[in-house]
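For reference, the structure discussed in these notes is given below.
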Amino acid sequence: MDANGRAPLEPLRITPKSFLMDMLAGVGIGTAFIIPGFSGGSIAVIFGIYDKLIGAIAGIFKDFKRSTLTLLPIGIGLIIGALSLLYPIKLGLEAFPLPTVSLFVGLALGGLLSVKDEICGRFSPVYIASLLLPFALVLSISFLPGGSDVDLFGLEWQGYVVLFLVGALGSAALVVPGISGSMILLILGYYNPIVAVITDHFFRGVDLLESFLILMSVGLGILTGFIIISIIMKKLLTRFRRGTFYAILGFIVGSIPSVYISAAKDAGYSDGLPTDPIHWIACALLLCLGCAISVFLILKAGKKSAPQSANEAK
């Protein structure tokens, strides 16, 4: 025990296999940022690293070295996934939106194996409510219309405060599994303007100082939101673990139809869905492929179906 009566943390063991698996999880998280309606938190749950991710972010000030080493492979993978897969996934979403998102829906469905052990046991009204309310919330978000894009230039100081709050809200949605931060920002009318500041102004050196202030305000909000919501989620997982995982399951399952709804909206399928049977065969095949990949990775990472407590008892 330390001076505060707490048990010391176990030594952090990083092996080449664990580093690689965390990096692959980071690639998945980075890719999720590109897919409309998907959440990086969902991918973290699917790969079984959500506890680790939340704990590292929440403990960044208490144990900076340990948190940094934990987040390093995830961060590397996140950057690789977001940058390397941005263009091909963008092309896939433009040319074949429903088959493309079916691959990631399959990943989400297969990944539900990773939370099975956390929700095993007898049902109760509290757990059912914890499942259904998040499901209804995230599904309803997908039906909200996108807001009109706001003008981010020429802001007074109050505008930068709003940008900070928008960044915090967007990052909080990214940490909570099943809620898409990009969708939240799109509804508020900030997603496209922020992307435009990055691509059309900052990278091109246009309005550089004002662009920097805009991105810094959003970035500080994102960082603050990440830390605050991670601390809250860590406390929930510690005190109400099973109920929290029921809520996480509700968020993830609710996000699955949201992904299809979002993709259909972006593809302009308001007058009707494609009728070509090959299109739907491709959706089914990619759905099964994504599911198989997800299950394979979970089993390779040691996420067996036997309850964790039973393994520890042995």
- line: Output for segment 62-153: trypsin sites (Lys or Arg not before Pro) sitting in coil per DSSP, at most 15 other Cβ within 10 Å, listed by number, reads LYS62, ARG122
task: Note the direction-averaged projected area, equal to a quarter of the hull surface, for the Cα convex hull of the chain, in nm².
output: 19.3 nm²
- line: Summed over the other residues with a beta carbon less than 11 angstrom from that of LEU186, with K and R at +1 and D and E at -1, the charge totals -1
- prompt: Just how far, in whole angstrom, is segment 97-151 from segment 51-74 if you go by their alpha carbon centroids?
  reply: 26 Å
- request: Quick one, could you list the DSSP H helices from the chain stretching 15 Å or more along their long axis (Cα atoms) with average Kyte-Doolittle hydropathy of 1.0 or above?
  value: 64-84, 97-111, 125-141, 157-175, 208-239, 277-300
- line: Of GLY243, GLY181, GLY111, the most mobile residue in a GNM of the chain (C-alpha springs, cutoff 10 Å) is GLY243
query: Among ILE256, ILE141, ILE74, which one shows the biggest mean-square fluctuation in a GNM of the chain, springs joining Cα atoms closer than 10 Å?
result: ILE141
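Here are some pairs, LYS62/LYS234; LYS90/LYS234; LYS65/LYS234; LYS17/LYS52; LYS52/LYS265; LYS234/LYS265; which of them have Cα atoms lying more than 24 Å apart in this structure? Could you put the intermediate results ahead of the total?
Numbers: LYS62/LYS234 14 Å; LYS90/LYS234 34 Å; LYS65/LYS234 19 Å; LYS17/LYS52 16 Å; LYS52/LYS265 35 Å; LYS234/LYS265 35 Å.
Pairs exceeding 24 Å: LYS90/LYS234; LYS52/LYS265; LYS234/LYS265.
Exactly which trypsin sites (Lys or Arg not before Pro) in segment 211-267 are in a DSSP loop and have at most 13 other Cβ atoms within 10 Å? Don't skip to the end; give the middle numbers.
Numbers: sites: LYS234, LYS235, ARG239, ARG241, ARG242, LYS265; in loops: none.
Taking segment 211-267 and a limit of 13 other Cβ atoms within 10 Å, no loop trypsin sites (Lys or Arg not before Pro) are found.
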- request: Pick out which of PRO88, PRO134, PRO97 has the largest mean-square fluctuation in a Gaussian network model of the chain, springs linking Cα atoms closer than 10 Å.
  value: PRO88
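Read the figures in this text as sums done on the coordinates, not as results from a lab. These numbers come from a predicted model, not from an experiment. Counting neighbours? That spans all protein chains shown, and the Cβs are built from the backbone with ideal geometry, glycine included.
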